[in-house]
Each structure stands twice: as C-alpha cells, then as structure tokens.
Protein chains: 2
Amino acid sequence: MNVKNAFYAQSGGVTAVINASACGVIETARKHSDRIGNVFAGRNGIVGALTEELVDTNRETREDIAALRYTPGGAFGSCRYKLADPEKDRREFERLLEIFRAHDIGYFFYNGGGDSADTCYKISRFSSLMGYPIQAIHVPKTIDNDLPLTDCCPGFGSVAKYIAVSTIEASFDVRSMCRTSTRVFVLEVMGRHAGWIAAAGGLAEDYGIPVVVLFPEVAFDEKRFLAKVEENVTRFGYCTVVVSEGCRYPDGKFLADQGARDAFGHAHLGGAAPVVANMIHEKFAYPFHWAVANYLQRSARHIASAIDVEQAYELGAAAVELALEGRNAVMPTIERLSDEPYRYKIGVADLKDVANVEKFMPRSFIREDGYGVTEECKRYLYPLMQGENYPPYQKGLPEYVTLQNRLVPRKLGPFYKSI
Amino acid sequence: MNVKNAFYAQSGGVTAVINASACGVIETARKHSDRIGNVFAGRNGIVGALTEELVDTNRETREDIAALRYTPGGAFGSCRYKLADPEKDRREFERLLEIFRAHDIGYFFYNGGGDSADTCYKISRFSSLMGYPIQAIHVPKTIDNDLPLTDCCPGFGSVAKYIAVSTIEASFDVRSMCRTSTRVFVLEVMGRHAGWIAAAGGLAEDYGIPVVVLFPEVAFDEKRFLAKVEENVTRFGYCTVVVSEGCRYPDGKFLADQGARDAFGHAHLGGAAPVVANMIHEKFAYPFHWAVANYLQRSARHIASAIDVEQAYELGAAAVELALEGRNAVMPTIERLSDEPYRYKIGVADLKDVANVEKFMPRSFIREDGYGVTEECKRYLYPLMQGENYPPYQKGLPEYVTLQNRLVPRKLGPFYKSI
C-alpha cells in the first residue's frame with residue numbers, strides 16, 4: 001500500500017478542545033501506519049508549512065498525545081495568517097506544494113473556522129490543478145459556532161458551559177449582596193458577529209435569575225434596556241446583564257467604542273461591560289460590578305463540556321477516516337438526531353458549501369423582547385454542554401501537557417519572505 | 001439541659017465556600033438539639049437581625065442544608081453594613097439584644113472577615129455588660145486572606161485555585177497565538193490591600209509560563225515593568241501579566257483610576273487590566289487581550305479547592321463545638337502543622353486579638369524583583385488549593401440549591417429606621 005505522510009495544522013483562535021481534535025487526528029493516523037507514515041504538525045499553523053517548521057509528532061510519546069485530549073490552547077501553535085489568493089499571487093500556494101512534495105505529504109488536515117475551510121478548499125483545488133493532488137480535509141473548530149452544515153462546532157459547547165456556569169455563580173453572589181451592596185452585575189462575553197455565546201448566559205433564568213442578554217443581532221436601545229434592568233432590580237432586588245462584545249448601537253457602532261480618552265488624551269480602549277455598567281450606574285446609581293471573561297472563556301478546559309470534548313475528538317478521527325476512504329475537500333460534521341436524549345452522528349459536508357458561509361443564530365432563538373433566549377434555543381444549547389470531562393490534577397492544578405515540538409530537518413531553502 | 005437558639009449570619013463579600021461554613025454550623029447544631037433548639041439565620045446578614053427577618057433553618061430539608069456545602073454565594077443573603085459603635089449610639093446593639101431575648105437566642109455565630117470579627121467581639125462584650133450574655137463565636141471567611149492568627153481564611157484557597165488555573169489556561173492560549181497575534185495577556189484579580197490572590201497567578205511560572213505579577217504591596221514602576229514585559233516577549237514570544245486591582249503608583253493612586261472621560265465627559269470607570277494592557281500596547285504595539293475576573297473568581301464553586309471546602313465546613317462545625325464548650329468571644333482557626341504532606345489542626349483565637357488586625361503578605365513571599373512569588377510563598381499556597389470538590393451536575397449545569405428562607409414570625413415592632 002502507498003504510504004504518505006499527513007500534515008495537520010491549527011488555525012485561528014484556539015479553544016479548550018482543539019487539541020482533542022489533534023489527538024483524534026494523530027491517534028487515528030497512528031492506527032493506520034500502513035497508510036499514513038507520520039503526521040507533521042505545522043508549528044504555529046499554516047505559517048509552519050510556509051517556513052518549513054514541521055513538528056515531528058512521531059517523536060511525541062503516546063501518553064503526551066493522549067494528554068492533548070484534556071489540554072487547552074493549541075499544542076503546536078496556531079496563527080492568524082490569511083494566505084494570498086492563488087489567483088493573484090501563487091507563491092504561497094506553490095510553496096505549500098513544494099513542502100508537501102519534499103516531505104511526501106498526501107493528506108492535509110486543517111483545524112479551524114470559516115476562513116480555514118476556505119483555505120483548505122483552495123489547497124485541494126490548487127494542488128489538483130498543479131498535478132500533485134492532496135486530500136484536504138477540514139476539521140471544524142470555532143467557539144463562534146458559525147460554520148454551516150454542522151449542528152455545532154467543537155469549542156462552542158465548552159465556552160457555553162463556562163459562560164452559563166459563570167453567569168449562574170456570579171448571580172448567586174450578587175443575589176446575596178443586593179440588599180445593601182451590588183445590585184447589577186455585567187458580564188462581557190465573546191461573539192463579535194453572533195450571539196451564540198451570549199445565549200448561554202441566558203440559561204441562568206432557569207435558576208430563577210433575572211438576566212438580561214444583549215445580543216449583537218439586536219440593535220442596542222438604551223432606554224428600553226435601562227427600563228428592563230430597573231424592572232428586574234425592582235422585582236428581584238438585583239439584575240445580571242450578559243453583554244456580547246459585538247453589541248452595537250442602531251448605527252452599527254460597537255458599545256465598546258466610546259471614544260474615551262485618558263488624562264493624557266490617549267485612546268482608552270475599554271470593553272462593552274464597563275460601558276454598560278457605567279450607563280446603568282449613571283441612570284440609577286445602583287452599585288455595580290462587571291467582569292470581562294475574554295480568553296478565560298475559550299481556554300477554560302477545567303470546565304469543558306464532555307460532549308464537546310467527545311465531538312472534537314471524533315471529528316479529528318473522522319477526518320482521518322474520510323481521507324483513508326479517498327475523500328477530498330470535505331469536512332466531517334455533527335448531525336443532530338434528537339434533543340433529549342441527545343443523539344448525533346458524524347456526517348460529511350463538501351467544503352465548497354462550507355467556505356465563506358457564516359451561520360447566524362436563528363431569530364427564533366432570541367426571545368421576542370430581544371433580551372433572552374427561547375425554549376427552542378434552550379433545547380439546542382443544553383445538549384452541547386452535557387457532561388463534565390475534568391483534566392487530571394496534581395498539587396491542586398491541572399496536569400496539562402506541553403509537547404516537545406521537535407522539528408523535522410529542513411529539506412528546502414527559506415521562504416521568500418519572513419513571517 | 002438548657003436549650004437555647006442560635007443566630008447565624010453571613011457578613012461582607014460572599015465566597016464560593018461560605019455556605020459550606022453555614023452547612024457546618026447548622027448540621028453540627030442539629031446534632032446537638034438537646035442544647036441548641038433552632039439556628040435562625042439573618043436574612044441578608046446582620047441587617048436581618050435588626051429588622052427581625054430571621055430565617056427558620058429548621059424548615060429547610062436535610063438535603064438542602066447538605067447542598068449548601070457545594071453552593072456558592074450566601075444562601076441567606078449577606079450585607080455590607082457597619083453597626084454603629086455602641087459607645088456612640090447604642091440603639092442598634094440594644095435592638096440586637098431585644099431580638100436575641102425575644103427569640104431566646106444564646107449563641108451568636110458571625111461568618112465574616114475582619115470588620116465582622118470586631119462586631120462579633122463588641123456584641124459579646126455589650127451583651128455581657130447588659131446582663132444578657134451571648135456566646136459570640138466568629139467563623140472566619142474572606143477571600144482576602146487577611147485575618148490574623150489563622151494560617152489561612154476559608155474562601156481564599158478556592159479563589160487562589162481559580163486564578164492559578166485561569167492564568168495557566170489563558171497563557172496556554174496566548175502561547176499558541178503569539179507568533180502572529182496576541183503577545184500579551186493581562187488578567188486583573190481582586191485584592192485591594194494585599195496581593196494574596198495575585199500571588200496565585202504567579203504559580204503559572206511552574207508551567208514554564210512567563211508571568212509578571214503586579215502586587216499592591218509593590219509601588220508600580222512603569223519603566224521597569226515595561227522592560228520586564230519586553231524581556232519576556234523577546235525571550236518567550238509572549239507575556240502574561242496578573243495585576244491586582246489594588247496596584248498603585250508610588251504616589252498611592254490606583255492604576256485603575258486614570259481619570260478617563262467618555263465622549264460625553266462622563267467619568268469612565270475602568271479596571272487596572274485595560275490600563276496596563278493599553279500602556280504596553282502604546283509602548284510596543286504588541287497585540288493584546290485582557291480580562292477582569294471580578295465576581296467570577298470568588299463565586300467559582302465549580303473549581304473550588306477541596307481543602308478550602310473542608311476547612312470552611314470544619315470551622316463552622318468547630319464554632320458550634322466551641323460554643324457548646326462554653327467559649328465566648330473566640331474564633332476557630334487553621335493551624336498549619338506541615339506543608340508537605342499538608343497537615344493542619346483547628347485552633348482557637350481570642351477575638352480581642354483578631355478584631356481590627358490586618359495580616360499582610362510577608363515580604364519574603366514576593367520575589368526580590370517584585371514581579372513574582374518566592375519558593376516560600378509557593379510552599380504556603382499549594383496546599384490551600386489541593387484537591388477538587390466538584391458540585392453535582394444535571395443537564396450540564398451545577399445543581400446549586402436555593403433555600404426556601406421562610407421567616408420566623410415577628411415578635412417585636414419595626415426597627416427605628418429602615419435599612
């Protein structure tokens with residue numbers, strides 16, 4: 001049988017479970033050593049392919065590869081780097097093919113979001129055009145949950161769990177304090193274009209918590225919003241606000257962009273949470289607290305969703321199996337079979353249908369008043385947060401792995417430009 | 001035997017484990033029903049005593065009381081309310097005695113920090129002076145870890161664990177991204193006067209993470225700090241900064257207080273994290289991210305330290321036992337016997353030695369350059385974060401309890417003022 005090597009790279013913002021997908025790819029490839037010789041991982045994503053910094057994953061122990069399943073971040077490094085369109089500048093794509101040829105790579109596994117799906121598709125087409133065909137398989141990953149043709153994206157379920165749990169916990173705190181102290185708590189969450197993550201904060205209402213969610217999909221109406229907060233404080237004594245970083249005024253301006261200047265006249269970049277908190281304080285003088293979760297939410301492997309970890313692993317494994325079946329320019333997907341009990345199977349989507357299509361949250365998931373989620377949304381969200389999958393601990397802290405990341409010896413000269 | 005009721009109240013900022021102390025008090029009191037009739041809990045702390053809003057804990061089920069052990073926040077409500085000094089205005093203390101007399105209360109358990117210890121001590125003295133002696137026992141609680149005569153304070157170990165884990169996880173994320181994107185991550189943590197919580201972030205260096213800690217104890221030196229960040233970014237490709245909310249300039253001004261104004265000229269209250277992040281960005285143009293954990297850190301029961309939960313419970317139980325032994329004006333404490341293996345026992349301190357004494361972090365815990373922790377500090381911190389004590393989950397979210405909090409029928413008229 002023809003043995004070829006595989007290339008695997010992590011792309012874009014990393015998640016709590018992207019390494020579980022890496023683990024699925026590498027462990028499955030190792031089971032098929034008659035067909036796949038080595039999995040070379042791009043050091044810092046696709047940049048590592050351009051610069052010929054290829055991690056020799058065969059030199060990582062079985063235990064360390066297994067530990068990827070519970071280690072957050074991107075174990076090989078990721079990048080934010082957009083390849084030039086090959087129709088305008090072919091040098092990057094040509095370089096990739098040189099690298100693939102030099103290292104006998106026949107499989108390309110790209111682990112990322114929408115932009116990466118597009119790149120993966122282009123690599124498949126370009127390589128076939130140039131007569132060195134590569135089987136290019138995309139492994140979905142994005143906390144933004146915005147890839148089409150899959151019920152959900154690995155990384156999202158764990159962020160959703162983190163945000164739901166954190167919103168509930170902080171609200172229990174505020175509820176305790178509201179008689180004489182804090183009455184409003186504002187939590188800022190990620191999601192510049194879609195409110196999937198903010199929606200998870202809306203689940204706090206199932207704990208009797210008065211929570212107001214500010215989605216990027218709903219134009220911010222200061223007056224209506226303040227009235228809603230006041231109504232909650234009057235009725236419950238306190239109010240929790242979950243604000244998406246992408247929340248905007250009707251004119252499209254982000255709430256976070258207040259044109260604030262510090263004492264020296266320098267731009268003072270703040271978040272949406274302090275803006276909202278100060279707005280409430282100015283109107284009602286309620287004592288408040290605010291938090292910005294930022295990277296904490298997408299790296300929180302300690303509270304990852306077991307279903308999310310499982311799916312991340314399975315999609316990595318499925319990518320390898322699809323490649324071995326001879327498939328090309330596809331992405332394994334999650335197909336939901338039922339909500340309760342939650343059942344799903346792994347499907348397949350063509351990359352040409354995935355690339356550059358963004359999936360927004362259905363309007364039917366947002367409550368009519370715009371400040372919460374519907375029952376339909378909850379039926380969608382709950383299964384994705386199901387189960388706990390705790391990492392092992394030692395001395396009170398998680399035993400996350402740091403790989404050796406030894407590079408394969410170079411065979412080519414340097415790339416024409418430095419990155 | 002003489003049966004008396006007990007009064008229990010939560011005071012000041014709540015924690016992930018203050019309810020574990022409540023659980024220890026109530027479960028232990030229930031074991032001694034021959035001596036303690038009922039535990040009345042103050043609705044919203046001591047305010048509930050003044051307003052005669054007493055929660056009848058006997059009407060809570062055994063299961064719900066047991067669930068307090070893993071429920072964050074203050075189950076009966078807490079408050080920030082400073083009683084008037086009885087030497088200046090005796091009306092509040094007199095009211096407390098009326099309430100105690102009306103409800104046949106002989107034991108007073110006050111669960112809080114330094115101010116509460118002082119109140120507890122005053123109540124003991126005042127009641128004895130007035131001829132209605134109350135056995136007043138203080139149950140220590142504070143994430144600030146600043147009570148004297150105890151090795152640590154319940155609440156702190158869990159915050160330390162949360163901050164250490166979060167710093168490590170977010171740093172793994174940044175490390176993955178730093179080749180082409182984020183190079184600096186700034187996490188703001190609580191601690192206005194002492195750097196105990198910030199110190200926990202310093203443990204990330206044991207994972208090979210280049211972390212710079214900004215303590216309130218060390219005057220902020222912008223030039224030296226920026227040089228340190230640059231050194232890390234040059235050497236490691238990235239840098240994590242853990243900044244205490246209490247970090248100050250040499251003139252005593254908080255970093256968070258930048259006198260910033262928004263477009264409308266309104267004061268723009270920010271945190272220390274965005275200030276530090278923007279400072280770094282202006283100097284080096286490094287891409288950055290920042291987070292403010294705020295209430296998330298002190299309510300994060302999902303990642304509580306098992307030792308912290310155990311000690312919170314045991315100190316609640318010990319308070320009841322001390323009361324039954326006839327002790328008065330004391331506080332049970334943690335006495336450390338050894339670091340590794342960690343061993344401790346419950347001790348006792350006199351409230352007169354506890355009240356109004358703040359314990360600062362020893363200078364020997366802060367590294368000479370001021371930006372990290374020493375081995376001595378690590379030996380102190382690690383045991384306090386030991387073990388995981390996960391709450392039960394259902395449908396992917398923790399099963400935290402909300403008590404019924406039914407009030408005992410009033411026996412007195414209203415308090416002279418409304419609170």
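What about residue B:66, is it within 20 Å of the chain's Cα centre (by Cα) and open to solvent by 10 Å² or more (accessible area, probe 1.4 Å)?
no
Which pairs have Cβ atoms under 7 Å, sit 6 or more apart or on different chains, and link a residue in the range B:404-419 that is on the phi > 0 side of the Ramachandran plot to one that is surrounded by 13 or more Cβ atoms within 10 Å (Cβ to Cβ)?
If the second residue must be surrounded by 13 or more Cβ atoms within 10 Å (Cβ to Cβ), the pairs left are B:405/B:43; B:405/B:55; B:405/B:76.
Being of a type outside the set (A, V, I, L, M, F, W, C) and open to solvent by less than 50 Å² (accessible area, probe 1.4 Å) is the filter here, so list the residues in the range A:235-248 that pass it.
A:237, A:238, A:240, A:244, A:245, A:246
I'd like the full set of residues that are closer than 22 Å to residue A:345 by Cβ and out of contact with any helix residue (DSSP H, G or I) (no Cβ under 8 Å at 6 or more places or on another chain), limited to the range A:375-398.
Passing the criteria: only A:379.
Would you tally the residues in the range A:39-98 being among the hydroxyl-bearing types (Ser, Thr, Tyr), within 25 Å of residue A:301 (Cα to Cα), more than 9 Å from chain B (Cβ to nearest Cβ) and touching a residue at least 24 places away in the same chain (Cβ under 8 Å)?
2
Condition (residue is away from chain A (no Cβ under 14 Å), exposed (fewer than 13 other Cβ atoms within 10 Å of the Cβ) and assigned to a loop (DSSP other than H, G, I, E, B)) applied to the range B:368-386: is it met by at least one residue?
yes
Is there any pair with a first residue in the range A:1-16 that is free of Cβ contacts under 8 Å to residues at least 60 places away in the same chain and more than 12 Å from every other protein chain (Cβ to nearest Cβ) and a second that is part of a loop (DSSP other than H, G, I, E, B) and surrounded by fewer than 24 Cβ atoms within 10 Å (Cβ to Cβ) whose Cβ atoms are under 6 Å apart and which are 6 or more apart or on different chains, and what are they?
Close Cβ pairs (under 6 Å, with a partner that is part of a loop (DSSP other than H, G, I, E, B) and surrounded by fewer than 24 Cβ atoms within 10 Å (Cβ to Cβ)) amount to A:1/A:34; A:1/A:35.
Quick one: what pairs do we get from the range A:335-347, first residue within 20 Å of residue B:396 (Cβ to Cβ), second assigned to a loop (DSSP other than H, G, I, E, B) and open to solvent by 40 Å² or more (accessible area, probe 1.4 Å), C-beta under 9 Å, 6+ apart or different chains?
A:342/A:386
With the structure loaded, tell me whether residue B:161 is farther than 22 Å from residue B:362 by Cα and of a type in the set (D, E, K, R) or whether it fails that test.
no
In the range B:75-93, how many residues are assigned to a loop (DSSP other than H, G, I, E, B) and open to solvent by 10 Å² or more (accessible area, probe 1.4 Å)?
Residues meeting the conditions: 12.
So which of A:213, A:174 is within 14 Å of chain B (Cβ to nearest Cβ), β-branched (Val, Ile, Thr) and open to solvent by less than 10 Å² (accessible area, probe 1.4 Å)?
A:174
For the range A:248-265, which residues satisfy the criterion of being aromatic (Phe, Trp, Tyr) and modelled with pLDDT of 70 or more?
A:249, A:254
Give the number of residues within the range B:290-321 that are within 7 Å of chain A (Cβ to nearest Cβ) and acidic (Asp, Glu).
Count: 0.
Can you tell me which condition residue A:355 does not meet? The list is (1) in contact with a Cys (Cβ under 9 Å, 6 or more places away or on another chain); (2) open to solvent by less than 20 Å² (accessible area, probe 1.4 Å); (3) modelled with pLDDT of 95 or more, and all the others hold.
(3)
List the residue pairs whose Cβ atoms are under 9 Å apart, where the first residue sits in the range A:367-396 and is more than 22 Å from residue A:312 (Cα to Cα), the second is open to solvent by 50 Å² or more (accessible area, probe 1.4 Å) and aliphatic (A, V, I, L, M), and the two are 6 or more positions apart or on different chains.
Pairs that qualify, where the first residue is more than 22 Å from residue A:312 (Cα to Cα) and the partner is open to solvent by 50 Å² or more (accessible area, probe 1.4 Å) and aliphatic (A, V, I, L, M), are A:370/A:219.
Restricting to the range B:1-59, and then to whatever is assigned to a loop (DSSP other than H, G, I, E, B) and of a type in the set (Gly, Ala, Ser), can you tell me which residue is farthest from residue B:309 (Cα to Cα)?
Looking at the filtered set, the residue picked out is B:33.
Give the residue, chosen from A:335, A:388, A:368, A:358, that is of a type outside the set (Phe, Trp, Tyr) and more than 28 Å from residue A:138 (Cα to Cα).
Sole residue among the options that is of a type outside the set (Phe, Trp, Tyr) and more than 28 Å from residue A:138 (Cα to Cα): A:368.
Within the range A:31-40, which residues are open to solvent by 40 Å² or more (accessible area, probe 1.4 Å) and touching a strand residue (DSSP E or B) at 6+ places or on another chain (Cβ under 8 Å)?
Correct list: A:35 only.
How many residues, within the range B:133-154, are open to solvent by 10 Å² or more (accessible area, probe 1.4 Å) and assigned to a strand (DSSP E or B)?
Count: 1.
Those residues that are open to solvent by 10 Å² or more (accessible area, probe 1.4 Å) and closer than 21 Å to residue B:173 by Cα, I need them from the range A:41-60; list them, please.
Across the range A:41-60, the qualifying residues are A:43, A:44, A:53.
Which of (1) surrounded by 15 or more Cβ atoms within 10 Å (Cβ to Cβ); (2) within 17 Å of residue B:312 (Cα to Cα); (3) not aliphatic (A, V, I, L, M) is the odd one out, the single condition residue B:345 does not satisfy?
Every condition holds for residue B:345 apart from (1).
When the residues of the range A:280-321 are narrowed to those that are surrounded by fewer than 20 Cβ atoms within 10 Å (Cβ to Cβ) and of a type in the set (A, V, I, L, M), which ends up farthest from residue A:123 (Cα to Cα)?
Only one residue tops the list, namely A:285.
The values are calculated or read from the model by the stated rules, or taken from the named source; none is laboratory data. On a predicted model such as this, the values are computed, not experimentally measured, just so you know. FYI the Cβ positions are ideal-geometry reconstructions off the backbone, even for glycines, and counts take in every protein chain you see. Quick note on the areas: whole protein, heavy atoms, side chains included, nothing else; ligands and nucleic acids left out. Shrake-Rupley method; radii C 1.70, N 1.55, O 1.52, S 1.80 Å.
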